[in-house]
Amino acid sequence: MGAPQYQDVTYEVLGPVARIYHARPDQRNAEGARLLDELDDALKQAKRDEAVRVVIVGAQGGHFSAGHDVKEAMGRPDIVEVRYAYEEERYLGHCLRLWDFPKPTIAQVQGACISGGFMVANMCDLVVASDDAFFSDATCIMLAAAATEVLVHPWVMGLRSAKEFLFTGRKMLAEEAQRIGMVNRVVPRAELEEATLALANQIATAPPFAIKMLKRSLNKTADMQGFRNAIQAHFDLHELCHTTQEYKTVRAGDLSATIGKTKAAVA
């Protein structure tokens, strides 16, 4: 069976490693509906392939992802039920499927990793970042919503760091992200693909069923601490924000200003 053909992601198998890349570099890998659907399908492909033992999620071009495709999102109907169904499937559902993926996953991050991109990267098991990578989620400040749909932040960076990060909407550079434990390794940009693939191949030597059970046990540890309940609770509060006057004012205003701030952040 040949490799699946996608438009907004790429999928390749390198021995025991499947590598899935965001493939909208001209749009700074903004995560539109098609990209997210294709990413989800590519993960299903990797799950079915018994020869694949580790998955890398990365991106073409200068940036991992500038986040949600805001322009596309604003083109959808402003109807609570429609938005909830869309975001429950493509944001909450996709992220939880990535979290529950039975094989080890590694996010390979360069450049900007913003909002929706932050969610995808941090639902992976490990994060390898280039020395020019940075992380940001200014959703509260720019779009009047309570962070992104999946509040993984306090689970990967600690509560106080998450509060400062989200309250200010500031950038966090790769070096700091590694220091607080959100990123596993930081490498020179030119070595990012090689270093991530080397780590994936090292992990792939582990017995596949044993590492599947190990990952399940580690994730259940987080679940017993409240991870899954907290993620679901936040999603509902995030959706509530879409009904507020604050959000409606942003949506009714000049969206180009919001898009311009995002472009400036990843320039």
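The values are calculated or read from the model by the stated rules, or taken from the named source; none is laboratory data. The structure displayed is predicted, hence computed values, not measured ones. Quick reminder, even Gly has a Cβ in these numbers, built from the backbone with ideal geometry, and neighbours come from all protein chains shown. Calculation scope for accessible area: heavy atoms of the full protein, side chains included, ligands and nucleic acids excluded. Shrake-Rupley method; radii C 1.70, N 1.55, O 1.52, S 1.80 Å.
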| field | Index of the failed condition, TYR21 passing every other in (1) within 17 Å of SER115 (Cα to Cα); (2) open to solvent by less than 20 Å² (accessible area, probe 1.4 Å) | value | (1)
| note | When restricted to THR243, THR258, the only residue open to solvent by less than 40 Å² (accessible area, probe 1.4 Å), modelled with pLDDT under 95 and not aliphatic (A, V, I, L, M) is THR258
| Are there any pairs, at least 6 apart or on different chains, whose C-beta atoms fall under 7 Å, with the first in region 159-174 and among the aliphatic types (A, V, I, L, M) and the second surrounded by 13 or more Cβ atoms within 10 Å (Cβ to Cβ) and part of a helix (DSSP H, G or I), and if so, which? | ALA162/HIS153; ALA162/PRO154; LEU166/CYS140; LEU166/HIS153; MET172/PHE165
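Listed here are the residues, each with its yes/no results for (1) in contact with a helix residue (DSSP H, G or I) (Cβ under 9 Å, 6 or more places away or on another chain); (2) of a type in the set (S, T, N, Q).
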residue: ALA121; (1), (2): no, no
residue: SER130; (1), (2): yes, yes
residue: CYS140; (1), (2): yes, no
residue: VAL150; (1), (2): yes, no
residue: GLN178; (1), (2): no, yes
residue: VAL183; (1), (2): yes, no
| If ARG19 passes every condition in (1) within 15 Å of ASN201 (Cα to Cα); (2) more than 16 Å from the chain's Cα centre (by Cα) but one, which one does it miss? | (2)
| task | Restricting attention to strands (runs of 3 or more DSSP E) lying wholly within region 109-213, give those where 3 or more residues are among the hydrophobic types (A, V, I, L, M, F, W, C). | result | 112-114, 126-130
| For region 165-189, what are the residues that are under 25 Å from ARG228 (Cβ atoms) and open to solvent by 40 Å² or more (accessible area, probe 1.4 Å)? | PHE167, ILE180, GLY181, ASN184
| remark: Screening ASP125, ASP78, ASP100, ASP132 for residues that are among the charged types (D, E, K, R), in contact with a Gly (Cβ under 7 Å, 6 or more places away or on another chain) and surrounded by fewer than 23 Cβ atoms within 10 Å (Cβ to Cβ) leaves only ASP132
| message | Pull out all pairs, ordered by first then second residue, where Cβ-Cβ is under 6 Å, the residues are six or more apart or on different chains, the first lies in region 4-33 and is among the small types (Gly, Ala, Ser), and the second is in a strand (DSSP E or B) and open to solvent by 20 Å² or more (accessible area, probe 1.4 Å). | response | ALA23/THR10
| request: Check LYS248, LYS263 and return the single one that is part of a helix (DSSP H, G or I) and modelled with pLDDT under 80. | output: LYS263
| Where ASP41 falls short, out of the listed (1) crowded, with 21+ Cβ neighbours inside 10 Å; (2) in a helix (DSSP H, G or I) | (1)
| said: I'm trying to understand the selection: among the residues of region 85-94, which are open to solvent by 30 Å² or more (accessible area, probe 1.4 Å) and either closer than 19 Å to ARG24 by Cβ or assigned to a loop (DSSP other than H, G, I, E, B) (or both)? | reply: ARG90
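This table checks each residue for (1) outside any strand (DSSP E or B); (2) over 30 Å from PHE209 (Cα atoms); (3) touching a residue at least 24 places away in the same chain (Cβ under 8 Å); (4) within 12 Å of the chain's Cα centre (by Cα).
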residue: VAL52; (1), (2), (3), (4): yes, no, yes, no
residue: VAL57; (1), (2), (3), (4): no, no, yes, yes
residue: HIS63; (1), (2), (3), (4): yes, yes, yes, no
residue: ALA73; (1), (2), (3), (4): yes, yes, no, no
residue: ASP78; (1), (2), (3), (4): yes, yes, yes, no
residue: ARG83; (1), (2), (3), (4): yes, yes, yes, no
residue: LEU96; (1), (2), (3), (4): yes, no, yes, yes
residue: PHE101; (1), (2), (3), (4): yes, no, yes, no
| First in region 219-247 and farther than 16 Å from CYS95 by Cβ, second anywhere and of a type in the set (Asp, Glu) and part of a helix (DSSP H, G or I), Cβ under 9 Å, 6 or more apart | HIS242/GLU87
